[in-house]
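Okay, so here's the structure we're looking at.
The values are calculated or read from the model by the stated rules, or taken from the named source; none is laboratory data. Because the structure is a prediction, the values reported are computed rather than measured. We place every Cβ from the backbone using ideal geometry, glycine too, and count neighbours over all the protein chains shown. In case anyone asks, the SASA skips ligands and DNA or RNA and just uses the protein heavy atoms, side chains included. Shrake-Rupley method; radii C 1.70, N 1.55, O 1.52, S 1.80 Å.
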Amino acid sequence: MKLDEHLAECDSDLRRLIIAIGNTCKTIKKGFASRQSCSDTENVYGEKQMALDKWADEVLIADLKASGLVKYLASEEQPEILEFDSAGNFGVTMDPLDGSSLIGVNLAVGTIIGIYRGNVLAPGNTMVGAMYVLYGPLTTLTYTVKKGVHEFVLDTSGNFILQEENIRIPDGKIFAPGALRKEYLPGHLKWIEALESEGYKIRFSGSFVADVHQILHKGGVFTYPGYRGKEKGKLRLLFEANPMGFVVAQAGGATSHGTGDILTVMPESVNQRIPIYIGGKREIQLIEKINKEA
Ligand code: F6P
Ligand code: MN
């Protein structure tokens, strides 16, 4: 079944939006071979922008603007929320190319999207949908509109074909722990040690979208915690935590910032960072229990 057929029951504007984003991601995938060089600019977080980061951002902005469906667009590569004079009223958040430091070594990277009705400065649990496209050996598109989590593979004719419907996160013993161990906060260290003592194995590629995708399919937990000197962590609430957390929560998992659900957090600013725990309910409950006891 093709993506557009799978979305047949969906609200027609939301369907058009998801299909439009999927189409733009096909363009991004095609750009990988020819646009690999480093640019000389930094984004608002002081990270070096790859030429591909900037280009993917431009292509998504242009296509979403042209769709007429989007009023507010927040991009990880832009300092401010963009506002379009549009008939549609969707708010979209995007990390155009997550994990882009891995492009040079040919590991999987992806595009992460959150979809709201109206402004995007709202808690993640008000999203009407979220999706990501993972550019690995295969290009896959995973989406939810709060009716299950579904995954599609881009075939050689350029169609996204259903690969797995109603994905549920299984129990699993892998963990993807970001940050430096010597800078862990006490509760986090205790939790990591608990997982290690249970035999959890590390699987951390450096591409958030790919690492969470693996957790979605194999179980376990991804974390980029707050740490000494950077208590809010590294990753971003609007562009990374919320959309990927929303997908995993819709698949039966959960999210936390250490003491509560990420998806209930009211953002204070567009580029806010947040400690991230995304994965199975058991692992998420354990970090919150440890932190509350401390
Ligand atoms: O977008 C930021 C990011 O590249 C994520 O994809 C990834 O999880 C993280 O940073 C890796 O950070 P570090 O280089 O500190 O391990
Ligand atoms: Mn990112």
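Within the range 156-189, the set of residues being hydroxyl-bearing (Ser, Thr, Tyr) and in contact (Cβ under 8 Å) with a residue 12 or more places away in the chain comprises TYR184 only.
Going through (1) within 15 Å of HIS188 (Cβ to Cβ); (2) more than 16 Å from ligand 1 (Cβ to nearest atom); (3) in contact with a strand residue (DSSP E or B) (Cβ under 9 Å, 6 or more places away or on another chain) one by one, ALA294 falls short only on (3).
Residues that are among the hydrophobic types (A, V, I, L, M, F, W, C) and more than 16 Å from ligand 2 (Cβ to nearest atom) within the range 93-106 comprise just one, VAL105. Being within 16 Å of ligand 1 (Cβ to nearest atom) and within 12 Å of the chain's Cα centre (by Cα) is a property that holds for ILE113.
Evaluated against (1) open to solvent by 50 Å² or more (accessible area, probe 1.4 Å); (2) away from ligand 1 (no atom under 13 Å from the Cβ); (3) touching a strand residue (DSSP E or B) at 6+ places or on another chain (Cβ under 6 Å), PHE204 falls short on exactly one condition, (2).
Selection over the range 93-107 of residues that are of a type in the set (S, T, N, Q), surrounded by 24 or more Cβ atoms within 10 Å (Cβ to Cβ) and within 11 Å of ligand 1 (Cβ to nearest atom) gives a count of 0.
Is it the case that GLU198 is farther than 19 Å from GLY226 by Cα, without any contact (Cβ under 8 Å) to a residue 40 or more places away in the chain and not hydrophobic (A, V, I, L, M, F, W, C)? Reasoning before the result, please.
Working: farther than 19 Å from GLY226 by Cα: yes; without any contact (Cβ under 8 Å) to a residue 40 or more places away in the chain: yes; not hydrophobic (A, V, I, L, M, F, W, C): yes.
Criteria met by GLU198.
In the range 105-118 there is at least one residue that is out of contact with any Ser or Thr (no Cβ under 9 Å at 6 or more places or on another chain), under 21 Å from VAL209 (Cβ atoms) and at pLDDT below 95.
In the range 20-45, the residues that are assigned by TED's automatic domain parsing to the domain that holds ILE115 form Cβ pairs under 6 Å with partners that are exposed (fewer than 12 other Cβ atoms within 10 Å of the Cβ), at six or more places apart or across chains, as follows: VAL44/PRO79.
Checking each residue of the range 108-124 against the condition of being in contact with a helix residue (DSSP H, G or I) (Cβ under 7 Å, 6 or more places away or on another chain), of a type in the set (S, T, N, Q) and open to solvent by less than 20 Å² (accessible area, probe 1.4 Å) gives at least one match.
Residue-wise test of (1) in the same structural domain as GLN272 (by TED's automatic domain parsing); (2) open to solvent by 10 Å² or more (accessible area, probe 1.4 Å).
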{"site": "LEU141", "(1), (2)": "no, no"}
{"site": "VAL145", "(1), (2)": "no, yes"}
{"site": "GLY178", "(1), (2)": "yes, no"}
{"site": "PRO186", "(1), (2)": "yes, yes"}
{"site": "TRP191", "(1), (2)": "yes, no"}
{"site": "GLU198", "(1), (2)": "yes, yes"}
